[in-house]
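The values are calculated or read from the model by the stated rules, or taken from the named source; none is laboratory data. Nothing here was measured: the structure is a model prediction, and the numbers come from that model. Reconstructed Cβ throughout: ideal geometry from the backbone, glycine too, with neighbour counts over all protein chains shown.
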Amino acid sequence: MWEMRVLTQTAEHILRIAPAGIPRATVLIVPPLFEEANRTRRTLVLAMRALAAEGFAAVLPDLPGHNESLVPLVEVDLARWQDALAEVISGIDGPTIIASFRGGALIDHKAKAAAWWRLAPVGGASLLRTLMRARVSADREAGVASSLEALQDEAKSGPLLLAGNHLSSAMVAQLGTSEAQGVEPLRSVGLGADGIAGTPLWLRAEPGEDAAMAEAIAADISAWSKTCGVS
């Protein structure tokens with residue numbers, strides 16, 4: 001048995017899925033950033049249900065500027081996302097494990113947690129290049145000449161539209177230099193034989209779903225929690 005609720009204890013919505021009774025701990029899901037969040041959300045929710053079956057509560061907050069948030073993305077930068085996660089976790093009773101996916105690992109270190117778990121963490125510069133290349137490709141199809149260098153220069157003087165995302169100069173600058181920060185205890189895993197079996201949903205053109213991957217994520221987090229004394 002598990003329950004699912006949408007909470008609004010902060011300015012943003014928080015999806016919570018929990019088992020009946022007192023959970024072993026809470027897993028705070030930090031989704032990938034930008035369009036990757038939409039492509040993976042269905043699988044993340046499946047992972048939350050699998051975590052509930054393992055006895056955990058799982059929460060998935062909307063980052064400011066993402067999903068149902070009323071905050072314009074152009075008003076957000078990485079620092080604001082870090083503060084938002086710290087606020088969410090401060091309102092959670094009991095031990096919390098942070099589970100971050102892809103670019104989510106760039107913003108998970110400021111929040112206080114008992115342990116961290118990261119899947120396929122990626123640097124901000126890599127995310128930014130992907131967004132800029134998509135913009136250059138779209139410009140080319142529209143008959144507009146652009147380049148990565150020209151977009152970098154444009155971002156210094158004002159917001160930049162990249163793959164449907166209006167990013168502030170601060171966001172672009174922070175992405176260009178941001179890397180996942182060291183935290184302890186940490187388990188960082190990838191996809192494949194030595195990590196989580198599954199597909200890189202963030203590379204798909206449309207949102208996808210991988211139920212087996214969701215189960216594997218929950219099982220790995222559950223096993224990791226025991227090594228950290230969270231059980």
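Being modelled with pLDDT of 95 or more and crowded, with 16+ Cβ neighbours inside 10 Å is true of R49. Can you tell me which of A99, A52 is within 22 Å of G190 (Cα to Cα) and in contact with a Phe, Trp or Tyr (Cβ under 9 Å, 6 or more places away or on another chain)? Answer to the selection: A99. Among the residues here, I196 does not qualify as within 16 Å of the chain's Cα centre (by Cα), crowded, with 18+ Cβ neighbours inside 10 Å and hydrophobic (A, V, I, L, M, F, W, C). On the stretch given as region 210-231, residues that are part of a loop (DSSP other than H, G, I, E, B) and surrounded by 15 or more Cβ atoms within 10 Å (Cβ to Cβ) total 3. Of the residues making up region 121-138, at least one is without any contact (Cβ under 8 Å) to a residue 60 or more places away in the chain, farther than 25 Å from L85 by Cβ, touching a Leu at 6+ places or on another chain (Cβ under 9 Å) and of a type in the set (G, A, S). Of all residues in region 28-62, those satisfying the criterion of being small (G, A, S) and assigned to a strand (DSSP E or B) are A57, A58. Residues in region 65-80 that are closer than 21 Å to M48 by Cα and surrounded by 15 or more Cβ atoms within 10 Å (Cβ to Cβ): H66, N67, S69.
Of all residues in region 68-90, those that are of a type in the set (K, R) have Cβ atoms under 9 Å from Cβ atoms of residues that are modelled with pLDDT under 95, 6 or more apart or on another chain, in R80/L63; R80/P64; R80/G65; R80/V71. So, in region 96-112, of the ones that are modelled with pLDDT of 95 or more and closer than 28 Å to G21 by Cβ, which residue ends up surrounded by the most Cβ atoms within 10 Å (Cβ to Cβ)? Here the residue is A99.
For R16, are the conditions met, namely being of a type in the set (D, E, K, R) and either in contact with a strand residue (DSSP E or B) (Cβ under 7 Å, 6 or more places away or on another chain) or closer than 12 Å to A218 by Cβ (or both)? It is true that R16 is of a type in the set (D, E, K, R) and either in contact with a strand residue (DSSP E or B) (Cβ under 7 Å, 6 or more places away or on another chain) or closer than 12 Å to A218 by Cβ (or both). Taking helices (runs of 4 or more DSSP H) as the structural unit, those lying wholly within region 63-180 and holding at least 1 residues that are charged (D, E, K, R) and not assigned by TED's automatic domain parsing to the domain that holds A197 correspond to 124-141, 148-155. Condition (residue is farther than 16 Å from T40 by Cα, modelled with pLDDT of 90 or more and exposed (fewer than 13 other Cβ atoms within 10 Å of the Cβ)) applied to region 185-193: is it met by at least one residue? Checked region 185-193: no residue is farther than 16 Å from T40 by Cα, modelled with pLDDT of 90 or more and exposed (fewer than 13 other Cβ atoms within 10 Å of the Cβ).
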